[in-house]
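Colleague: The structure under discussion is supplied below as structure tokens; questions concerning it will follow.
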Amino acid sequence: MRALLSREPGGPETLRLEEVPDPEPGPGELLVRVRAAAINYPDVLIIEDRYQLKPPRPFAPGGEVAGEVEAVGNGVEGWSAGDRVIAVTGFGGLAGKIAETLRGLGFRIGDVTNAPQPTPQTLIRYSPDQTAAAQLLAATVPAATTVPDPGATGVLQLVLGRSFDGVVRAPTTTPSGAAEPPPVVPAATANCA
């Protein structure tokens, strides 16, 4: 597989596209075929050795990935080959594949479908093991109503209903760690380019 590797501290010009062996999933890990990876400011700091996270070189930057599970390591439950996933990995995303534990920061992507009838409410349906993620999602989508599903596991769904007003909020904290009201960003006018 190909990977964009950081072999020495420096800016993006120091990254090298190289052929590397495919990773194998270890115990508790998923092997994910990366279809998309996010590049953020911390990635620049990481490759310059100016961030608190300092992975051993060589490494591929890219701390957020989307793709599908190719294989599961021993002891992994609730995941199987073919599952679509998004995850925060810290680094490693700028490679064809990544073997990762997900450390609770990986989420299965369900099917995107249209309901036969429009729903009036915007809902966040979640299982008890996804409570923290549901709270974070609820903070970003103020029009949503949370609906726990006590009998489910591994469930986090966002259902956009007529009550969705196109507003999402970026969660923020103050330097002291206290929550502060997030800024409102109207989805129709947000510049994501």
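Colleague: Just to be sure I understand, how many residues within region 87-112 are in a loop (DSSP other than H, G, I, E, B) and either modelled with pLDDT under 85 or β-branched (Val, Ile, Thr) (or both)?
Modeller: So the answer is 10.
Colleague: If we scan region 66-86, do we find a residue that is of a type in the set (Phe, Trp, Tyr) and either under 23 Å from residue 130 (Cα atoms) or modelled with pLDDT under 90 (or both)?
Modeller: Taking every residue of region 66-86 in turn, at least one turns out to be of a type in the set (Phe, Trp, Tyr) and either under 23 Å from residue 130 (Cα atoms) or modelled with pLDDT under 90 (or both).
Colleague: Assess whether residue 134 counts as being crowded, with 20+ Cβ neighbours inside 10 Å, hydrophobic (A, V, I, L, M, F, W, C), assigned by TED's automatic domain parsing to the domain that holds residue 161 and at pLDDT below 90.
Modeller: So residue 134 passes the test.
Colleague: If you don't mind, there's one more thing I want to ask. All but one of (1) closer than 17 Å to residue 5 by Cβ; (2) in a loop (DSSP other than H, G, I, E, B); (3) β-branched (Val, Ile, Thr) hold for residue 76; which doesn't?
Modeller: The number of the failed condition is (1).
Colleague: Still on this structure: So if I check each of 159, 155, which one is crowded, with 17+ Cβ neighbours inside 10 Å, touching a strand residue (DSSP E or B) at 6+ places or on another chain (Cβ under 7 Å), among the β-branched types (Val, Ile, Thr) and at pLDDT 80 or above?
Modeller: Of 159, 155, the one residue that is crowded, with 17+ Cβ neighbours inside 10 Å, touching a strand residue (DSSP E or B) at 6+ places or on another chain (Cβ under 7 Å), among the β-branched types (Val, Ile, Thr) and at pLDDT 80 or above is 155.
The values are calculated or read from the model by the stated rules, or taken from the named source; none is laboratory data. Small disclaimer: the values here were computed from a predicted structure and weren't measured. Note that we place each Cβ from the backbone using ideal geometry, even for glycine, and neighbour counts take in every protein chain shown.
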